[in-house]
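The values are calculated or read from the model by the stated rules, or taken from the named source; none is laboratory data. The structure presented is a predicted model; accordingly, all values stated were derived computationally and were not measured. Backbone-built Cβ (ideal geometry, glycine too); neighbour counts: all protein chains shown. Ligands, DNA and RNA are stripped out before the accessible areas are found, and what is left, the full protein with its side chains, is counted by its heavy atoms. Shrake-Rupley method; radii C 1.70, N 1.55, O 1.52, S 1.80 Å.
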Amino acid sequence: MPTVAAHYDTLLAEHYSRMFGDYDAKVAEQRALFERLGLRSEGPSGGSPEAIDLGCGSGFQSIALAQLGFRVTAVDTSDRLLAELDARRGPLAVEIVRGDLLDALERSGPPCALAVCMGDTLPHLGSKSDVERMFAGCARRLAPGGHLVLTFRDLTRELEGVDRFIPVHDSADVIMTCFLEYEPETVKVHDLVHTRSRDDGRWTLSASFYRKLRLSPDWVCDRLDAAGLRVIHREITRGLVTLAARS
C-alpha cells in the first residue's frame, strides 16, 4: 500500500502548488487568515517569535508567517516541495527541516509562540493515536499562551455516486481529478493526473492512492482539550475546518 510520503514523491509533489492557483495569492490568503485570528508577530521581549509549520508543503503558511515577522521552522518529508519553498523564501526567516512532523516535535528546540498544521495535513497522519501524539507534542513545544492553528477537511460525511469524483485542476497540459473511496476510519484518496506531452500532444495518465483519516471537528476539539490546548476559534467553510487553540 502506498504511503503518504511515497504518494507525494511519485505523483503529487510535482503538481502540488498548481492545485491552489497563484502561489503569491495563496500566501496572501494565509497571511490574511493569521491576521484575522489575531496572531502576534512580536515576541514578548520585542523580538521575532518562533513558529513551527508542521507539514509545510511548498510553504504557503511558512512564507506568510515569515512575512508577519515570525522565525519559522518549516517541516515536511518531500524533497521536491521543500526545494520549492527554498527557492521562494529569499531572505525571509524560514529554516527548512526535512523529516516527519512527529519526530520534529520530539526534538529539542526553542519554545514556540505558534504551531500550525494546515492545508489538509492532519488527516495524513497514520492513526488517531498519532493525532493525539501530535497535539501532546505541540502542547510541550508551545510557550505559555502560545497558539496552535489547524485546518483540515471534515471527511465524516460520505459523498455518494459521482460526487466522489472531485475536479482539482485543469490547464492546457495538466488535468487533475480526485476520487474518494470511504472506509470506516479512513478515506482512500485516489489522485488521477493526466499530463499532455509537449512533444507529440499525447495524454498520459498517472494514478496513485493513499489514505486520510476521517476526523470530526468535535473529536479534534475534544483531543485538543485533553492535551491541555483550549480551543478559542472554530469555523467550517465548505467542509474546511479551521481551529485555533491556546496553551
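Solvent-accessible area per residue for the chain at a 1.4 Å probe radius, Å²?
49 Å²
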Calculated from DSSP H runs of 4 or more alone, at -39500 (n - 2.57) each and per residue, what is the 222 nm mean residue ellipticity of the chain, nearest 500? -8000 deg cm²/dmol
Accessible surface of the stretch 158-247 [probe 1.4 Å, protein heavy atoms]: carbon and sulfur percent: 48 percent
Karplus-derived 3J(HN,Hα), 6.51/-1.76/1.60, for each residue of the stretch 197-211, Hz, glycine and proline x: 5, 6, 7, 10, x, 7, 9, 10, 9, 10, 9, 7, 9, 8, 10
If I build a Gaussian network model for the chain, linking alpha-carbon pairs within less than 10 angstrom, which residue out of R202, R133, R107 has the largest mean-square fluctuation? R202
Just add up the charged neighbours of S247: K/R +1, D/E -1, any other residue whose Cβ is under 10 Å from the Cβ of S247. +4
Measuring from the lowest to the highest alpha carbon on each principal axis, how far does the chain reach, largest first, in angstroms? 60, 42, 31
Log10 I(q)/I(0) at q = 0.11, 0.14, 0.16, 0.27 Å⁻¹ for the stretch 180-247, from Debye over equal alpha-carbon scatterers, is -0.49, -0.65, -0.73, -1.10
Of A5, G109, A25, whose Cα points farthest to the positive end of the dipole of the stretch 1-113 (charges on the beta-carbon: +1 Lys, Arg; -1 Asp, Glu; origin at the Cα centre)? A25
Of the accessible area of the stretch 9-145, with the probe set at 1.4 angstrom, what percent is carbon plus sulfur? 46 percent
Along each principal axis, Cα extent of the stretch 36-141, largest first, Å: 38, 30, 28
Of A74, G99, P49, whose Cα points farthest to the positive end of the dipole of the stretch 11-111 (charges on the beta-carbon: +1 Lys, Arg; -1 Asp, Glu; origin at the Cα centre)? P49
Picking from F209, H190, I175, whose Cα lies most toward the positive end of the charge dipole for the stretch 173-225 (charges on Cβ: Lys, Arg +1; Asp, Glu -1)? I175
Candidate lysines - alpha carbon under 18 Å from K212, same-chain residues fewer than 8 apart omitted: K128, K188
So if I restrict to the alpha-carbon atoms in the stretch 114-160, what is the Rg, and what is Dmax, the biggest pairwise distance, in Å? 12.5, 44
Can you give the charge dipole size of the chain about its Cα centre, rounded to the nearest 20 debye, using +1 on the beta carbon of Lys and Arg and -1 on the beta carbon of Asp and Glu? 520 debye
